[in-house]
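Step one of this worksheet: look at the structure below.
The values are calculated or read from the model by the stated rules, or taken from the named source; none is laboratory data. These numbers come from a predicted model, not from an experiment. Don't worry about glycine lacking a Cβ; one is built from the backbone with ideal geometry, like all the others, and counts go over all protein chains shown. Surface areas here come from the heavy atoms of the whole protein model, side chains and all, with no ligands, DNA or RNA. Shrake-Rupley method; radii C 1.70, N 1.55, O 1.52, S 1.80 Å.
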Amino acid sequence: MAAMTTRAVVPLAMVLLLAACGSDEPAPTPPQVVAPSSAPPAIAPTAALEPAAAVAAMSDADLAGQVLMPYAYGDGATTVDKLAAAGNQSIAGVDTPAEMVAKFHLGGLILVAFAPDDPTGATNPATNVDNPQQVRALTDGLQTAARQLPGGAPLLIGTDQEYGVVTRVRTGVTLLPAAMAFGAAGKPALTKAAWGAAGEELAAMGINLNFAPVADTLGPQGNAVIGSRAFGGDPATNAAQTRAAVQGLEGAGVTAALKHFPGHGHTTGDSHDDLPIVKQSADQWKKQDRPPFESGIDAGAGVVMSGHLDVESLDKGVAATFSHKIMTDVLRKDLGFKGVAITDAMNMAPAMKWPAGEAAVRALNAGNDMLLMPPDLTAARDGILAGLQDGSLKRARLTEAVTRILTLKKRQAAKPQPALTTLDSPAHHQAVSAADAASITLLRGACGGPLITGPVTVTASDGRETARATLVKALQEAGMTVQAAGGKIVHLVGYGDKTIDLSPDAAVTVIMDTPYLLTQAKSPALLATYSSSPLSLQALAAVIAGKAKAPGRSPVPVGKLPATAC
């Protein structure tokens, strides 16, 4: 390991005191933060860092730690079971997440959850989220550990709460529909309100960085790993939706992270498995993929995530994560982004072609400020320290990265943390329900009035019993008669389903993901919700029962079907 530079440490309290000196104004009174118990709040609402002073006081180890955002095993900060402790030992040589923060002087940590039906599941071997109360206790404990570090800078605590197929916290929260539903609704004001509700709930749980929205524009061929995670295929619509989602999250005190720069929608490849090639011309990229990222940056997104993508017209043969042309020349100089650039997971195949330490230095030199989920935390940290020693990583580049990170933390720390009582509230349900109602899309069938009359039987493809039961209840509440068998069939299909999962006898077929499969369905009525969230299915029930119209328009082409039958 490289020798570590020893520097004087300026405590956070002293930095704050110095910042207040020379002012005739009294120090502001800290606003109250409601915690879920008698435990102290995760972040003092007026906690702030003077980034330049803090960076100047940091040792090499402090600097290296600030650019690392690993995952950890276990659902508690200081107490985990034996299996989780073994997992933490394997990636960091410690037992608990709090010990990981302390040992590596971490700048951030990502909360993850494995789910077999999640397209990002392969990179999430751990699960440390269960319910909001547990998540709040975990984040409180992590922030307590961070306050003990030199300078006391709070952690960036992130997660992938995209909603739809990529959702980490699924219980006790107001579930938004997938991004494609907002694209179908086409009403940015509703998008902003819904994502504002989401931001308040994330902030209440102690999550201050959301790896969303997905700003990718889908090409005509679609993309299975992105799919309904994107708003759609029209750059202008996507730009408006991205802006609104960013405004909602950032307005609620949660940093939005645009992904996957410079755009994952115009390739059928999956960057979890290999390096996808994007063959657009430079002009096509500017017209198709650039607008949502530009719009999100203009809206104030604090983070941009790099994609493990070979965008040939921008830097052929080099993954964007490791491309100085893309992460510095395009993102910084051309688009004017001044926030924190963070890599996509470094435990994905394209980033693991080099040892963890070398990959870390390459990503930083390209222009990334933070490294997400390095596969070997010790090796990544040691690689950064070795790079400082041998000159392959310039100190100015590392201090630039850490200054950006601390600037973001300073911006966040001034915002009070909501109480957990804000979660799953009637006001949030109302905001999200409005977007859901606007998204329901009828691609075939009579527009207006009940789509079917008489008794109804709801069926679903394998693994969708929860959605089926939710729709049964919603249809009953809408006044329809639902019976176990013998009624007119409403059949549900969703993410990953194929033609074999369709029902040839269905009077109504509903797709709860990308609408492409509807081209193979023979039902007289075809509907898309783009999501299986409870509020989406309630909105669907109102349309089937004739209580509401289906105002949505498919944001991607669906064979020869119209964008809407209405």
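Restrict the check to region 258-270 and report whether at least one residue is charged (D, E, K, R) and more than 27 Å from ALA204 (Cβ to Cβ).
In the first step, residues of region 258-270 are kept if they are charged (D, E, K, R); the result is 259, 270.
Next, only the ones that are more than 27 Å from ALA204 (Cβ to Cβ) stay: 270.
Taking every residue of region 258-270 in turn, at least one turns out to be charged (D, E, K, R) and more than 27 Å from ALA204 (Cβ to Cβ).
Considering only residues that are in a loop (DSSP other than H, G, I, E, B) and open to solvent by 30 Å² or more (accessible area, probe 1.4 Å), which ones fall in region 523-562?
Residues satisfying the conditions are PRO524, SER532, GLY546, LYS547, ALA548, LYS549, PRO551, ARG553, PRO557, GLY559, LYS560, PRO562.
Of everything in region 307-328 that's part of a helix (DSSP H, G or I) and polar (S, T, N, Q), which residue is farthest from the chain's Cα centre (by Cα)?
Taking region 307-328 as the starting set, the residues that turn out to be part of a helix (DSSP H, G or I) are 312-315, 320-322, 324-328.
Add one more test, that the residue is polar (S, T, N, Q), and what stays is 313, 321, 328.
Details: SER313: 27, THR321: 18, THR328: 23 Å.
The residue in question is SER313.
Given the conditions (1) open to solvent by 10 Å² or more (accessible area, probe 1.4 Å); (2) among the aliphatic types (A, V, I, L, M); (3) at pLDDT 95 or above; (4) farther than 30 Å from MET58 by Cβ, report the number of the one that LEU176 does not fulfil.
The single condition LEU176 does not satisfy is (1).
Test LEU156 against the criterion of being closer than 30 Å to VAL55 by Cβ, surrounded by 24 or more Cβ atoms within 10 Å (Cβ to Cβ) and under 18 Å from the mean Cα position of the chain (by Cα), and give yes or no. Spell out how you get there, then give the answer.
On the way: closer than 30 Å to VAL55 by Cβ: yes; surrounded by 24 or more Cβ atoms within 10 Å (Cβ to Cβ): yes; under 18 Å from the mean Cα position of the chain (by Cα): yes.
Considered against the rule, which asks whether it is closer than 30 Å to VAL55 by Cβ, surrounded by 24 or more Cβ atoms within 10 Å (Cβ to Cβ) and under 18 Å from the mean Cα position of the chain (by Cα), LEU156 comes out as yes.
Could you tell me whether SER313 is touching a Phe, Trp or Tyr at 6+ places or on another chain (Cβ under 6 Å) and farther than 21 Å from ARG411 by Cα? Let's see the steps before the verdict.
Details: touching a Phe, Trp or Tyr at 6+ places or on another chain (Cβ under 6 Å): yes; farther than 21 Å from ARG411 by Cα: yes.
It is true that SER313 is touching a Phe, Trp or Tyr at 6+ places or on another chain (Cβ under 6 Å) and farther than 21 Å from ARG411 by Cα.
Considering only residues of region 69-119 that are free of Cβ contacts under 8 Å to residues at least 40 places away in the same chain and under 30 Å from TYR495 (Cβ atoms), which is surrounded by the most Cβ atoms within 10 Å (Cβ to Cβ)?
GLY87
For residues that are in a helix (DSSP H, G or I) and charged (D, E, K, R), scanning just region 395-432, find the one that is surrounded by the fewest Cβ atoms within 10 Å (Cβ to Cβ).
The initial filter retains those residues of region 395-432 that are in a helix (DSSP H, G or I), namely 395-413, 420-422, 426-432.
Imposing the further condition that a residue be charged (D, E, K, R) reduces the set to 395, 397, 400, 404, 409-411.
On the way: ARG395: 13, ARG397: 17, GLU400: 15, ARG404: 21, LYS409: 26, LYS410: 17, ARG411: 16.
My answer is ARG395.
Test ALA435 against the criterion of being closer than 30 Å to PRO188 by Cα, out of contact with any Lys or Arg (no Cβ under 6 Å at 6 or more places or on another chain), open to solvent by less than 20 Å² (accessible area, probe 1.4 Å) and modelled with pLDDT of 95 or more, and give yes or no.
yes
Just one of ALA359, ALA380, ALA386 is over 25 Å from LEU209 (Cβ atoms) and either open to solvent by 10 Å² or more (accessible area, probe 1.4 Å) or outside any loop (DSSP other than H, G, I, E, B) (or both); which is it? Spell out the reasoning first.
Details: ALA359 fails: over 25 Å from LEU209 (Cβ atoms); ALA380 fails: over 25 Å from LEU209 (Cβ atoms).
ALA386 is the lone residue from the list that is over 25 Å from LEU209 (Cβ atoms) and either open to solvent by 10 Å² or more (accessible area, probe 1.4 Å) or outside any loop (DSSP other than H, G, I, E, B) (or both).
Return only the number of the condition from (1) in contact with a Lys or Arg (Cβ under 9 Å, 6 or more places away or on another chain); (2) closer than 19 Å to SER523 by Cα; (3) touching a residue at least 40 places away in the same chain (Cβ under 8 Å); (4) not in a strand (DSSP E or B) that GLY449 does not satisfy.
GLY449 satisfies every listed condition except (1).
If ASN347 satisfies all but one of (1) modelled with pLDDT under 95; (2) open to solvent by less than 10 Å² (accessible area, probe 1.4 Å), what's the number of the condition it fails?
The number of the failed condition is (2).
Do the conditions hold for LEU218, that is, is it touching a Phe, Trp or Tyr at 6+ places or on another chain (Cβ under 8 Å), of a type in the set (A, V, I, L, M, F, W, C) and buried (at least 24 other Cβ atoms within 10 Å of the Cβ)? Walk me through it before giving the result.
Details: touching a Phe, Trp or Tyr at 6+ places or on another chain (Cβ under 8 Å): no; of a type in the set (A, V, I, L, M, F, W, C): yes; buried (at least 24 other Cβ atoms within 10 Å of the Cβ): yes.
Spelling it out, it is not the case that LEU218 is touching a Phe, Trp or Tyr at 6+ places or on another chain (Cβ under 8 Å), of a type in the set (A, V, I, L, M, F, W, C) and buried (at least 24 other Cβ atoms within 10 Å of the Cβ).
Any chance you could count how many residues in region 489-522 are more than 28 Å from the chain's Cα centre (by Cα) and either open to solvent by 10 Å² or more (accessible area, probe 1.4 Å) or closer than 23 Å to ALA438 by Cα (or both)? Give the derivation first.
At the first step, the residues of region 489-522 found to be more than 28 Å from the chain's Cα centre (by Cα) are 489-491, 499-509, 519-522.
Among the residues that remain, those that are also either open to solvent by 10 Å² or more (accessible area, probe 1.4 Å) or closer than 23 Å to ALA438 by Cα (or both) are: 489-491, 499-505, 507-509, 519-520, 522.
Qualifying residue count for the region: 16.
One line per residue, one yes/no per condition, for (1) closer than 20 Å to LEU209 by Cβ; (2) in contact (Cβ under 8 Å) with a residue 40 or more places away in the chain; (3) in contact with a Lys or Arg (Cβ under 7 Å, 6 or more places away or on another chain):
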position: PHE261; (1), (2), (3): yes, yes, no
position: LEU275; (1), (2), (3): no, yes, no
position: ASP283; (1), (2), (3): no, no, no
position: ALA301; (1), (2), (3): yes, yes, no
position: MET305; (1), (2), (3): yes, yes, yes
position: HIS308; (1), (2), (3): yes, yes, no
position: SER313; (1), (2), (3): no, no, no
position: MET327; (1), (2), (3): yes, yes, no
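Every residue in region 228-250 that is of a type in the set (Gly, Ala, Ser) and open to solvent by 10 Å² or more (accessible area, probe 1.4 Å), please.
Step one: of region 228-250, the residues of a type in the set (Gly, Ala, Ser) are 228, 230, 232-233, 236, 239-240, 244-245, 248.
Matches in region 228-250: GLY233, ALA236, ALA239, ALA240.
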